1. Give me the pairs, please: first residue somewhere in segment 75-96 and basic (Lys, Arg), second residue anywhere and surrounded by fewer than 15 Cβ atoms within 10 Å (Cβ to Cβ) and part of a helix (DSSP H, G or I), beta-carbon distance under 8 Å, and either six or more positions apart or on two chains.
2. Any residue in segment 25-45 that's acidic (Asp, Glu): show its pairings with residues that are modelled with pLDDT under 90 and surrounded by fewer than 16 Cβ atoms within 10 Å (Cβ to Cβ) at Cβ separation under 8 Å, as long as the two are six or more apart or on different chains.
3. Mind counting the residues in segment 51-68 that are crowded, with 21+ Cβ neighbours inside 10 Å and modelled with pLDDT under 90?
Amino acid sequence: MRTATFKARLGSTALSLVVVGLIWYFLKLDTLFTGALALVVVVGTLLPGAAGSLAWGAGLLGLSALACFHYGSVQTPLTVVLGVVGAAYLAMGAAQWWRGRAGTPPA
């Protein structure tokens, strides 16, 4: 069963990387930003459950900071959307982790 879920995550990762490549090609994104986005996609989709959500959240907040500080786009919609979605993913991942941990009996 674990192999099937990992294969599904691997397929999702591959499809997501194709989408990132298409976005890079058609929107002419910077290589640094695209590479960071690809890294977030790989880590976020390969990690299962709460760990994946936490990785997505931290990665999107990192991309927001990259857009803000490296490119100087302080109040652009991209920076704001990445920050808000990243915070939402962090909150969902923390809630998943907390619920999973609350159901675990003490050792």
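The values are calculated or read from the model by the stated rules, or taken from the named source; none is laboratory data. What you are looking at is a predicted structure, and each value in this text was computed from that prediction instead of being measured. Virtual Cβ from ideal backbone geometry, glycine too; neighbours counted across all protein chains shown.
1. That search, which allows pairs on different chains as well, returns nothing.
2. 30/71
3. Counting residues in segment 51-68 that are crowded, with 21+ Cβ neighbours inside 10 Å and modelled with pLDDT under 90 gives 1.
Table: residues versus (1) β-branched (Val, Ile, Thr); (2) closer than 15 Å to residue 67 by Cβ.
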site: 6; (1), (2): no, no
site: 11; (1), (2): no, no
site: 15; (1), (2): no, no
site: 18; (1), (2): yes, no
site: 26; (1), (2): no, no
site: 32; (1), (2): no, yes
site: 37; (1), (2): no, yes
site: 40; (1), (2): yes, yes
